[in-house]
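The values are calculated or read from the model by the stated rules, or taken from the named source; none is laboratory data. Here the structure is a predicted model, which means the values were calculated and not measured. Ideal geometry is used to build each Cβ from the backbone, glycine not excepted, and the neighbour counts take in all protein chains shown. For accessibility, only protein heavy atoms count, side chains too; no ligands or nucleic acids. Shrake-Rupley method; radii C 1.70, N 1.55, O 1.52, S 1.80 Å.
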Amino acid sequence: MDNLAPAITPPSGIGDSKPTNQSVLDWVQEVTRLAQPENVFWCDGSEKENAYLLEQAQAQGIILKLNEAKVPGSYLHRSNTNDVARVEQFTLICTPTKEEAGPTNNWAEPAETYAKLNGMLKGAMAGRTMFVIPYIMGPPESSLTKVGFEITDSVYVVLSMRIMTRMGEVAVKRLEKSKNGEWNRGVHSLLDVNPDRRLICHFPQDNAIISVGSGYGGNVLLSKKCLALRIGSYLARKQGWLAEHMLILGVESPEGQKHYVAAAFPSACGKTNFAMLIPPEHYKGWKVTTVGDDIAWMQIGDDGRLYAVNPENGYFGVVPGTSYKSNPNAMKSIERDTLYTNVALTDDGDVWWEGKDGAQPAHAKDWKGNDWTPASKEKAAHPNSRFAVPMRNNPVLDPDVEKGEGVPISAIIFGGRRSDTMPLVFQARDWEHGVYAGATMGSETTAAATGAVGQVRRDPMAMLPFCGYNMGQYFKHWLKIGPRLKNPPLIFHVNWFRKGADGKFLWPGFGDNMRVLKWMIDRCEGRGGATESPIGFVPRPEDLDTKGLEGFSSETLTELLSVKPEEWKKELETQKEFFKTLGADMPSELTAQHDQVAERFA
Ligand code: GTP
Ligand code: SPV
Ligand code: MN
């Protein structure tokens, strides 16, 4: 698809919802002068506007309407083939000093970067329409909720933002009523979708984001990773709350006892799946509900507990591997009203991907639009192909998802994708030890970002690509939150991805993760057995429910729960090396925690 489309000229009554806020008008005028678009389209998020833009985007070949009988209200978009994932090497944090961004971020000097970007944006939207999208992140009733405006020359971004955020009037109204008048400035231009001219730049001090040269989700839906995490984490530290790369789920027992947990797993490591899980057969009466699948904003409530809201309005999820077997709730969610990116298109206008239920199609168009058959060497769907769908489609959406104060968090879970070393689950001894467990998280890289896949790297709290400031300072911020909580969540670490000698996953995962969740909930309620290992509390084999797991041996369970000193020796060395890279900002509490684990192994 050629995603660089000419301007569209809307009929009157569409695209003319110009807000009155002077600072917004001034900024739009400034960007207009610079980028020289053919016209400005003021979005209001209405049905009418959406219908019009869907029609225009089809006419321009940017989206394809899917078979209405198979996937009603759904569309396929193909990105440029050079533009299929986040680009961490081109993601910049522009703070006045390099120290503020810290050694884990790519830093750039703000004034120089603005000058460079202004050069790139000069005349960049000539002949195109410039859309202005007002949106909020967070439930309308929440004190954490933020207003943003995104300027973009991509109609795909507008269509996606309407799904992923609360867009339009709600934002304009909130800004009108706001006391401090703060809002996030986001400018996005496709330019010529050239990887050599691709930069995702954050200016935390100015609450501003400029993204150029990409059309891919995580790089261009500026509400998500850019605002809700990178700018969000910067604001959270200043204001005493947490902006995290975490899902939020509710779990209710048959007796009606409900807990909420938040879990940080790196990109493409199982957040969406865990957030929607369906418990195994014999967990009759247990219910898991979704508050969020990717981002949690958390603050301390009046009762001294941690409360979480999901700032998003939709899910931008990994498609391959999604099936009625692995994640039925995701499948039900994406049966309609879904904007697919980079999946395969069947001859009858349906979507297909590796891992979908049923037979492979005999012929399809792959994610690049080329002919594909089961004999093709290439994958039909890109490994990082995605769906964007409103959260309202989720059959297990939590009833409290709109609650302004958020939901109380009983447990925080950290987890990476590790073939070895990390047991299925362990519980940290206390808050500080839990922060250490999060800070030392390691995970194998995935297709969610460009670069090599399958390499273990340190990804503290799953925030390595998303922390908008110095990582050592981020750890200090986490350490400060604990003592302010009267009733802190318990902290756990999980690993669904440990492999056996045959290279296969030892744990069935997906719905069966309920068994591990149940143990964690038991621990929150003061039940649930465990043994104390050097790394924390690990369930004994008899403490985990494996009833009904076919072909699952006690040896496998023992292997899954094992903490092997020879593996941990290497692990502790790698952790130490990582801590060293953080230099003087590294909090001594966490190096002490590391040394204590090492001593317990000695
Ligand atoms: P982002 O949207 O990139 O942040 O990803 P995510 O953390 O939401 O990951 P998601 O749930 O989409 O899962 C990513 C991949 O991991 C998919 O291919 C899943 O099939 C696979 N996966 C998820 N949960 C499990 C699990 O419990 N076990 C195994 N083996 N694979 C899983
Ligand atoms: C991730 O990579 O963690 C995602 C997808 O959730 S993206 O929005 O592209 O960042
Ligand atoms: Mn994510």
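Of note:
- Among the residues of the stretch 462-519, those that are on the phi > 0 side of the Ramachandran plot and buried (at least 21 other Cβ atoms within 10 Å of the Cβ) comprise ALA462, PHE510.
- Against the criterion of being modelled with pLDDT of 95 or more, more than 16 Å from ligand 3 (Cβ to nearest atom), surrounded by 15 or more Cβ atoms within 10 Å (Cβ to Cβ) and in a loop (DSSP other than H, G, I, E, B), PRO320 does not qualify.
- Annotation note: Cβ proximity below 8 Å between a residue of the stretch 320-336 that is over 20 Å from GLU68 (Cα atoms) and a residue that is within 16 Å of ligand 3 (Cβ to nearest atom) and open to solvent by 40 Å² or more (accessible area, probe 1.4 Å) (sequence gap 6+ or interchain) occurs for PRO320/PRO383; SER326/ASN273; ASN327/ASN273.
- Some residue of the stretch 485-500 being out of contact with any Phe, Trp or Tyr (no Cβ under 9 Å at 6 or more places or on another chain) and within 16 Å of ligand 2 (Cβ to nearest atom): no
- Enumerated strands (runs of 3 or more DSSP E) restricted to the stretch 110-224, each holding at least 3 residues that are in contact with a Pro (Cβ under 7 Å, 6 or more places away or on another chain) and either of a type outside the set (D, E, K, R) or buried (at least 24 other Cβ atoms within 10 Å of the Cβ) (or both): 129-137
- When we screen TRP367, TRP352 for residues that are out of contact with any helix residue (DSSP H, G or I) (no Cβ under 8 Å at 6 or more places or on another chain), at pLDDT 95 or above and surrounded by 24 or more Cβ atoms within 10 Å (Cβ to Cβ), the only hit is TRP367.
- For the stretch 356-381, the set of residues classified as among the acidic types (Asp, Glu) and assigned to a loop (DSSP other than H, G, I, E, B) consists of ASP357, ASP366, GLU378, listed by residue number.
- Any hit, the stretch 279-291, residues being under 30 Å from GLY358 (Cβ atoms) and either of a type in the set (A, V, I, L, M) or within 16 Å of ligand 3 (Cβ to nearest atom) (or both): yes
- Pairs where the first residue, in the stretch 437-449, is open to solvent by less than 10 Å² (accessible area, probe 1.4 Å) and the second is of a type in the set (A, V, I, L, M) and within 11 Å of ligand 1 (Cβ to nearest atom), C-beta under 7 Å, 6+ apart: GLY438/ALA264; MET441/ALA462; ALA448/ALA85; ALA448/ALA268
- Any chance SER233 is closer than 25 Å to VAL318 by Cα, polar (S, T, N, Q) and not in a helix (DSSP H, G or I): no
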